[in-house]
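Every number here is computed from the coordinates shown, using simple stated rules; none is lab data. Keep in mind that what you see is a predicted model, and the values were worked out from it rather than measured. No Cβ is skipped: glycine too gets one built from the backbone with ideal geometry, and neighbour counts run over all protein chains shown.
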Amino acid sequence: MALTAADVAKIAHLARLQLSAEEEGRVTDRLNDILGMIDQLQAADTSGIEPMAHPMDATQPLREDVVSEVNQRDAYQAIAPATEAGLYLVPKVIE
């Protein structure tokens, strides 16, 4: 699929971009190059290839889930304008 100058002009209009005739030609060429690369990728035979979550087949190292800081909720809520049962009270914003 190749884009024409008219297609690029319509896309530019929809995107509210103002392109000169020279820019329109360059953008048309660049977009057609990108679409050509996509066609090359789609032409590759991927049958029998299992999808991967990461190209390097790496795993995320996990750390031990331990508490590393002291609970300071009471100190933080002492300076809050309004709290109740350990929660911050805020003005109602949805009616």
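Sequence-distant or interchain residues sharing an amide H contact under 5 Å with THR83, placed H: which? Long-range HN contacts for THR83: LEU89. GNM on the chain, C-alpha springs below 10 Å: top fluctuator among ALA82, ALA53, ALA44? Sorting by GNM fluctuation, first place goes to ALA82. Going from the residue with the fewest nearby Cβ atoms within 10 Å to the one with the most, THR83, THR46, THR28 rank THR46, THR83, THR28. Label-to-label distance, MET37 versus VAL93, with points set 7 angstrom from Cα along the beta-carbon direction: 4.1 nm.
Measuring nothing but alpha carbons in the chain and taking Rh as the Kirkwood radius, the Rg to Rh ratio lands at 1.35.
In a simple Cβ point-charge model (Lys, Arg +1; Asp, Glu -1; nothing else charged), the chain has a dipole of about 400 debye relative to its Cα centre. For GLU64 and ALA85, a Förster radius of 30 Å and the Cβ-Cβ distance give a FRET efficiency of 0.45, rounded to the nearest 0.05. Summing charges over neighbours of ALA9, with a neighbour being any other residue whose Cβ is under 12 Å away from its Cβ, gives -2 when K and R count +1 and D and E count -1.
Couplings for segment 41-51, taken from phi via the Karplus curve 6.51 cos²θ - 1.76 cosθ + 1.60 with θ = phi - 60°, read 5, 5, 7, 5, 7, 10, 5, x, 9, 7, x Hz in order; Gly and Pro are left as x. Take the Cα of GLN77, step 7 Å toward its Cβ, do the same at GLU22, and the gap between the two points is 6.6 nm. Modelled spin labels at ILE11 and HIS54, positioned 7 Å past Cα toward Cβ, are 3.4 nm from each other. In the chain, helical runs assigned H by DSSP with n ≥ 4 each contribute -39500 (n - 2.57); averaged across all residues and rounded to the nearest 500, the mean residue ellipticity at 222 nm is -13000 deg cm²/dmol.
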